[in-house]
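Here the structure is laid out as structure tokens; the discussion comes afterwards.
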């Protein structure tokens, strides 16, 4: 999607949406914790507390809700990859902060003051208002000291990264070559030689079967395993049996109307004519003249907006989708762009709109009206919220009581199940490196406890272990099998299948290489069945993998057809015939300013990524996975 957030004004524009402060703002206060809630990572001796991590998740949750609206699913935050990515962002912030301090970067008070005073949300009549500043922060539960600390840190990190974002070099020759490779296309046909057709010919010798078994004997060992029964005590389950009155539900609904409404969202497409704010006036006028010509073309034939966007828009993210930016609410786009969209009628096409990114022609394509659900539609949601609020304050005592019961009556989970109104659940066979269901048991600390000597030998309950926030599990073994080796007789069929597949893959590759050599020597092979021809490029690889794509564009094409071949990642061989080369349509595009800017952005992103990876290696980072 087109990025309408100007990096240089990131602090200013983000604060315009104070209702959803980004979690990347963190300040000195985040270091000040007593450690009682634990930590999720340690970065060069500095802890990232679990409290800070959970707050970051909540902030991420709110940003996603604002972006996705009705399509938002809160269950996404239970995904390990999402939680891990949030933690990685916090770690990167810590690393960059330490790098900035170590290298002597600093933010002057005058710079901090100017940045905050320039934030439009804090202004009245285009002047900074101290009263409005303090009121707006107070409404978000922030003090000026905390907010200023966060902005100072953001500016500090911006200084550190500006060296990469403002100094990426893209030589003209390299730009020309990269753009040429991105636009040149080749017409190809493929003929894949699959290993399956050789399986019937692949017959392993007994000596090879025995040798494979001896070399991989431990691969066939069965690990120790157990069937367990377990209890899950969570905040949600503890709250399940609480009673909430109709009066409480009605009151909550009346006092929290804004939580249940869906704000208006609009869907728009745009055509961007890119021009920097700091270029000479003559260049701006050239861009404006171009925008005027395109606007006239669009107004003459509005139904062709998408096609015109594909041809003329300088926004690479949306141009291929006909300029489509998707649905968004207020506070997402820059103000001038957003103000125009939210004042337009459906299917209306705007006049030229100017932003820091250039000149835009906008078409409003859809409107999702603001929605206010009835009480009955959200009754269950409110009831669950109130139940959790009722239990939250005493949940620590409930957990302590639960821990005592499963320990003191360690020969059975029945007593704890009855007291806390929980259901005893049972698993199938599980191992120490559990990868199957149930997911609730796949916790390193819990599995260590299940397979401990005391639990195995004495058939006792494990202690109550927190497997994720506000979720505790106690388990006991009901059936156990120690690790065992399997004889060759038992695993022979499995080995034969492995060897047959390996042999078939080798035979397919040999066959493919032989056919390729004959084709490259000029022979015509009637038994090669070619797929339908298709056009491919680096920008449109048509599902070809990187190795195949590289082979196609490295091939000599002075004489056509030309032939190349690659070993398939999943096995087998892919013969490729190159029958045509289609050069870029116009030399005028080579080394164009817009492409050079895009390439510069890509290089910048790569350099920043490499820099982050390098400092990650230099600093000591420890992650406490079980607290995720």
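Among residues that are at positive phi and modelled with pLDDT of 80 or more, residue 565 is not included. Here the stretch 397-419 is the region considered, the condition is being in contact with a strand residue (DSSP E or B) (Cβ under 9 Å, 6 or more places away or on another chain) and surrounded by fewer than 17 Cβ atoms within 10 Å (Cβ to Cβ), and the residue that is farthest from residue 469 (Cα to Cα) is 411. Residue count for the stretch 433-456, restricted to those that are under 29 Å from the mean Cα position of the chain (by Cα) and touching a residue at least 60 places away in the same chain (Cβ under 8 Å): 6. Determine, yes or no, whether residue 24 is at pLDDT below 75 and farther than 30 Å from residue 372 by Cα. Yes.
Looking at 315, 303, 356, 351, just one residue is within 28 Å of residue 263 (Cβ to Cβ) and either in contact with a strand residue (DSSP E or B) (Cβ under 7 Å, 6 or more places away or on another chain) or without any contact (Cβ under 8 Å) to a residue 12 or more places away in the chain (or both), and that residue is 315.
Please verify whether residue 425 is within 16 Å of residue 229 (Cβ to Cβ), at pLDDT 90 or above and within 37 Å of the chain's Cα centre (by Cα), treating the condition exactly as stated. Here the answer is yes, as residue 425 does meet what is asked.
Under the condition of being within 31 Å of the chain's Cα centre (by Cα) and surrounded by fewer than 12 Cβ atoms within 10 Å (Cβ to Cβ), the residues counted in the stretch 233-260 number 1. Could you list all residues from the stretch 204-232 that are in contact with a strand residue (DSSP E or B) (Cβ under 6 Å, 6 or more places away or on another chain) and either more than 16 Å from residue 442 (Cα to Cα) or free of Cβ contacts under 8 Å to residues at least 40 places away in the same chain (or both)? Within the stretch 204-232, just 222 meets the criteria.
Restricting attention to the stretch 31-50, the residues that are at pLDDT below 80 and part of a helix (DSSP H, G or I) add up to 1. Of the residues in the stretch 277-285, not one is under 16 Å from residue 352 (Cβ atoms) and in contact with a helix residue (DSSP H, G or I) (Cβ under 7 Å, 6 or more places away or on another chain). Here is the figure for the stretch 110-140: residues that are assigned to a loop (DSSP other than H, G, I, E, B) and within 30 Å of residue 99 (Cβ to Cβ) total 3. Scanning the stretch 421-430 for residues that are outside any strand (DSSP E or B) and surrounded by fewer than 17 Cβ atoms within 10 Å (Cβ to Cβ) turns up 421, 423, 424, 428, 429. Among the numbered conditions (1) within 23 Å of residue 317 (Cα to Cα); (2) touching a residue at least 60 places away in the same chain (Cβ under 8 Å); (3) surrounded by fewer than 19 Cβ atoms within 10 Å (Cβ to Cβ), the only one that residue 293 does not meet is (2).
Residue-wise test of (1) farther than 30 Å from residue 47 by Cβ; (2) touching a helix residue (DSSP H, G or I) at 6+ places or on another chain (Cβ under 7 Å); (3) not assigned by TED's automatic domain parsing to the domain that holds residue 331.
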residue	(1), (2), (3)
107	no, yes, yes
137	no, yes, yes
179	yes, yes, yes
192	yes, no, yes
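In this structure, residue 272 qualifies as at pLDDT 90 or above, under 30 Å from residue 284 (Cα atoms) and crowded, with 18+ Cβ neighbours inside 10 Å. Checked against the criteria, residue 394 counts as modelled with pLDDT under 90 and closer than 30 Å to residue 471 by Cα.
Of the residues screened, residue 390 is not one that is surrounded by fewer than 19 Cβ atoms within 10 Å (Cβ to Cβ), in contact with a strand residue (DSSP E or B) (Cβ under 6 Å, 6 or more places away or on another chain) and not in a strand (DSSP E or B). Going by the structure shown, is residue 285 closer than 20 Å to residue 320 by Cα and out of contact with any strand residue (DSSP E or B) (no Cβ under 9 Å at 6 or more places or on another chain)? It is false that residue 285 is closer than 20 Å to residue 320 by Cα and out of contact with any strand residue (DSSP E or B) (no Cβ under 9 Å at 6 or more places or on another chain).
Within the stretch 77-100, the presence of at least one residue that is modelled with pLDDT under 85, touching a helix residue (DSSP H, G or I) at 6+ places or on another chain (Cβ under 6 Å) and over 26 Å from residue 620 (Cβ atoms) is confirmed.
Just to be sure, is residue 143 under 32 Å from the mean Cα position of the chain (by Cα) and either at positive phi or without any contact (Cβ under 8 Å) to a residue 24 or more places away in the chain (or both)? Answer is yes for this residue. Tallying residues that are touching a strand residue (DSSP E or B) at 6+ places or on another chain (Cβ under 7 Å), without any contact (Cβ under 8 Å) to a residue 60 or more places away in the chain and not in a helix (DSSP H, G or I) within the stretch 494-549 yields 2.
The values are calculated or read from the model by the stated rules, or taken from the named source; none is laboratory data. Small disclaimer: the values here were computed from a predicted structure and weren't measured. Glycine also receives a Cβ, built like all others from the backbone with ideal geometry; neighbour counts cover every protein chain displayed.
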